[in-house]
Amino acid sequence: MTNPTPDSIAPSLELIESLAREAIATLPEPWRTPATHVVLRVEDFPPDEMLEAMDLHDPFELTGLYEGIPLTEKSTADQVMHPDLVWLFRRPILDEWAERGNVSIEELVSHVVIHELAHHFGWTDEEIAGVDRWWE
């Protein structure tokens, strides 16, 4: 049996996180700095409680999720219960990547991260398109 080449190995949790951090690092200002304050969490699948709360039955339906209060809705009077968080789910991302077959894993991870950050920033579709050309 031959050893697999790096191109034949499914991207790891660490690689997905690295690609997500790279996408954040390349955001234009004024978004880049505040985006670095959002906690990034990469897991293989969403937790069962999350799927139940969203009334989803297939864990492959969710590639990412923003958990927090959008900046456009925050108040200084808000009691901070936990930091704003962007979840990325590796297996659903890989499944979508394989199904599409026409985008790189880097492009797809960047797209998912930007989509979730759009919830954090309260972006309009036009603002998302200004950051993520895939949105157009």
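The values are calculated or read from the model by the stated rules, or taken from the named source; none is laboratory data. Model, not experiment: these values are computed from the prediction. FYI the Cβ positions are ideal-geometry reconstructions off the backbone, even for glycines, and counts take in every protein chain you see.
Within the set Leu88, Leu40, Leu117, the sole residue that is of a type in the set (A, V, I, L, M), in a helix (DSSP H, G or I) and within 12 Å of the chain's Cα centre (by Cα) turns out to be Leu117.
What number of residues in segment 80-136 are β-branched (Val, Ile, Thr) and modelled with pLDDT of 90 or more?
Residues of segment 80-136 that are β-branched (Val, Ile, Thr), as a first pass: 80, 86, 93, 103, 105, 109, 112-114, 124, 128, 131.
From what's left, modelled with pLDDT of 90 or more: 86, 93, 103, 105, 109, 112-114.
Selection size over segment 80-136: 8.
As a summary of the residue check, Lys74 satisfies the conditions (1) surrounded by fewer than 16 Cβ atoms within 10 Å (Cβ to Cβ); (2) under 26 Å from Leu15 (Cα atoms) except for the one numbered (2).
Checking each residue in segment 43-72 for being in contact with an Asp or Glu (Cβ under 7 Å, 6 or more places away or on another chain), in a loop (DSSP other than H, G, I, E, B) and either on the phi > 0 side of the Ramachandran plot or modelled with pLDDT of 95 or more (or both) picks out Thr63, Gly68.
Tell me yes or no: at least one residue of segment 56-63 is among the hydroxyl-bearing types (Ser, Thr, Tyr) and either surrounded by fewer than 18 Cβ atoms within 10 Å (Cβ to Cβ) or more than 18 Å from Ser110 (Cα to Cα) (or both). Full working, then the answer.
Here is the first cut: in segment 56-63, the residues among the hydroxyl-bearing types (Ser, Thr, Tyr) are 63.
Those left that are additionally either surrounded by fewer than 18 Cβ atoms within 10 Å (Cβ to Cβ) or more than 18 Å from Ser110 (Cα to Cα) (or both): none.
Checked against the condition, which is being among the hydroxyl-bearing types (Ser, Thr, Tyr) and either surrounded by fewer than 18 Cβ atoms within 10 Å (Cβ to Cβ) or more than 18 Å from Ser110 (Cα to Cα) (or both), segment 56-63 yields no hits at all.
Between Ile114, Ile105, Ile93, Ile69, which is more than 20 Å from Ala20 (Cβ to Cβ) and β-branched (Val, Ile, Thr)? Break it down into steps so the answer makes sense when it comes.
On the way: Ile114 fails: more than 20 Å from Ala20 (Cβ to Cβ); Ile105 fails: more than 20 Å from Ala20 (Cβ to Cβ); Ile93 fails: more than 20 Å from Ala20 (Cβ to Cβ).
Exactly one residue qualifies, and that residue is Ile69.
Taken together, the residues in segment 10-33 that are surrounded by 16 or more Cβ atoms within 10 Å (Cβ to Cβ), assigned to a helix (DSSP H, G or I) and more than 14 Å from the chain's Cα centre (by Cα) amount to 0.
Working only within segment 120-136, note down all residues that are assigned to a loop (DSSP other than H, G, I, E, B), over 18 Å from Glu22 (Cα atoms) and of a type in the set (Asp, Glu). Spell out how you get there, then give the answer.
Step one: list which residues in segment 120-136 are assigned to a loop (DSSP other than H, G, I, E, B), which gives 122-124, 132, 136.
Checking which are over 18 Å from Glu22 (Cα atoms) leaves us with 122-124, 136.
Result: Glu136, single match.
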